[in-house]
Amino acid sequence: MSNFGNGKGKPMNGDDDDDEDEGNERDLEAWERAYADERSWESLQEDESGLLRPIDNQALHHAQYRRRLRSLSSASAASRIQKGLIRYLYLVIDLSRAAGEMDLRPSRMVVVAKQVEAFVREFFDQNPLSQIGLITIKNGVAQCLTDLGGSPESHIKALMGKLGCAGEASLQNALELVHEQLDKIPSYGHREVIILYSALSTCDPGDVLETIQKCKKSKIRCSVIGLSAEIYICKYLCQETGGLYSVALDEVSPKKEISNLSAHLKELILEHAPPPPAIAEFAIANLIKMGFPQRAAEGVISICSCHKEAKFGGGYTCPRCKARVCELPTECRICGLTLVSSPHLARSYHHLFPVTPFDDVAPSIIPNHRRPKNCFGCQQSLLNPGNMPGRCVTCPKCKQFFCLDCDIYIHESLHNCPGCESLRDSKSVS
């Protein structure tokens, strides 16, 4: 017969209930972890009346884009600069033990790999004449994952097949490998390296300061994006070589323009996609000899000079030595001629004459009877539900109004203002 005390019907020994309480605590922890993993509170914000409402992701994305566009345009207007249209860039990815941290879900390594994939595609979209290579740091050793090339799919496939973190990071070994690869690049090519660094230290075999001076002498622009805290040696590296040093933050700005660490990391990486300004004393104007190869006939077997194996159909033929290459742009392995296509050359032209950033239009500035109801680009309505004026932008030259989606599309993909082009066409007709 069980003994009960204090009139609450609870066993005095409490063994069974203790086990049950421990089980409930474990269930409660799992319940809390589910909400902690989803971080659902980050999708809410407080409005003017003090009520919670979902964050406008479209407006958030547009605000981040506008800030990046303004920084690029202000940097271009600050001085007479020269854009590096032919870039040779190595992306160094830290896969040390620190990359396995789970402050980013599911881990830093997975999130960084996803952002690298987006960056590689965006890089080749904005820099069709440039080339990228991938380097990983693991167990204190830097390994060249892919050589410089112009195929985004080959880089992404190689990275996704080698994910795995272990050991320490070595900044010096990575810089030595980058210097060895980029030191033989011709003078007209702009040499760059972007380091995605997760660790808080570097395990180096020698003096890393000497390696930094070697990179500076070779005009290699080194930029670092940190995933932990600010590190002095990374900041010193960027200052000496003229690069950018930034750390991904997990804070929300007063304007709600940064929602979480992953979004800020993506923004920092994409800032390096447009060509950076070249330093005046290093910007040497050169005439570059290029070849425009023809597409090889289908059904023909030939030896590929880049893979050194027989390929069936496709590919391109070098106009100088008639060697076969698989992709463009590239450099012929036989005669060294730079091989590009005419669309690549045309797509690089917009960096020299970019579209002027559009001006934000506040609903209270322009009266409703003067505000157009539809976007000039896509003809979608600029009104919110209830016929209330929505957010839009206007071109400072042609004074036409555009929605937020068209603003991003015009500046990142089209590179021409439809309103200005229509005015130019009408003047030519008249």
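A compact table of results
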| quantity | calculated |
| --- | --- |
| Qualifying positions in the range 290-336 - of a type in the set (Lys, Arg), at positive phi and modelled with pLDDT under 85 | Lys308 |
| Residues that are outside any strand (DSSP E or B) and crowded, with 21+ Cβ neighbours inside 10 Å, drawn from the range 392-409 | Cys395, Cys403, Leu404, Cys406, Asp407 |
| Tally of residues being at pLDDT 90 or above and either over 29 Å from the mean Cα position of the chain (by Cα) or more than 16 Å from Asp360 (Cβ to Cβ) (or both) across the range 381-398 | 2 |
| Selection within the range 283-324 - among the hydrophobic types (A, V, I, L, M, F, W, C), more than 33 Å from the chain's Cα centre (by Cα) and surrounded by 14 or more Cβ atoms within 10 Å (Cβ to Cβ) | Ala296, Cys321, Ala323 |
| Yes/no for Leu268 being in contact with a Ser or Thr (Cβ under 6 Å, 6 or more places away or on another chain), in a helix (DSSP H, G or I) and surrounded by 20 or more Cβ atoms within 10 Å (Cβ to Cβ) | yes |
| Flag for Cys378 being surrounded by fewer than 14 Cβ atoms within 10 Å (Cβ to Cβ), under 25 Å from Phe402 (Cβ atoms) and in contact with a helix residue (DSSP H, G or I) (Cβ under 8 Å, 6 or more places away or on another chain) | yes |
| Hits in the range 199-247 (condition: aliphatic (A, V, I, L, M) and in a helix (DSSP H, G or I)) | Val208, Leu209, Ile212, Ile233, Leu237 |
| One residue from Gly100, Gly84 being at pLDDT 60 or above and surrounded by 22 or more Cβ atoms within 10 Å (Cβ to Cβ) | Gly84 |
| Breaking point among (1) polar (S, T, N, Q); (2) in contact with a strand residue (DSSP E or B) (Cβ under 6 Å, 6 or more places away or on another chain); (3) surrounded by fewer than 21 Cβ atoms within 10 Å (Cβ to Cβ), for Gln126 | (2) |
| Matching residues, the range 127-153, being in contact (Cβ under 8 Å) with a residue 60 or more places away in the chain and touching an Asp or Glu at 6+ places or on another chain (Cβ under 8 Å) | Gly140, Gly149, Gly150, Ser151 |
| Positions within the range 151-174 being of a type outside the set (A, V, I, L, M, F, W, C) and crowded, with 21+ Cβ neighbours inside 10 Å, in sequence order | His155, Ser170, Gln172, Asn173 |
| Yes/no for Asp125 being of a type outside the set (A, V, I, L, M, F, W, C) and either touching a Cys at 6+ places or on another chain (Cβ under 7 Å) or under 19 Å from Val247 (Cα atoms) (or both) | no |
| For Lys138: the one exception among (1) surrounded by 17 or more Cβ atoms within 10 Å (Cβ to Cβ); (2) among the charged types (D, E, K, R); (3) within 30 Å of Thr338 (Cβ to Cβ) | (3) |
| Tally of residues being over 20 Å from Gln239 (Cα atoms), out of contact with any strand residue (DSSP E or B) (no Cβ under 6 Å at 6 or more places or on another chain) and open to solvent by less than 40 Å² (accessible area, probe 1.4 Å) across the range 179-223 | 1 |
| Elements of type strands (runs of 3 or more DSSP E) in the range 287-386, at least 1 residues being of a type in the set (Phe, Trp, Tyr) | 309-312 |
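The values are calculated or read from the model by the stated rules, or taken from the named source; none is laboratory data. All figures in this text were calculated on a predicted structure; none of them were measured in a lab. We place every Cβ from the backbone using ideal geometry, glycine too, and count neighbours over all the protein chains shown. For accessibility, only protein heavy atoms count, side chains too; no ligands or nucleic acids. Shrake-Rupley method; radii C 1.70, N 1.55, O 1.52, S 1.80 Å.
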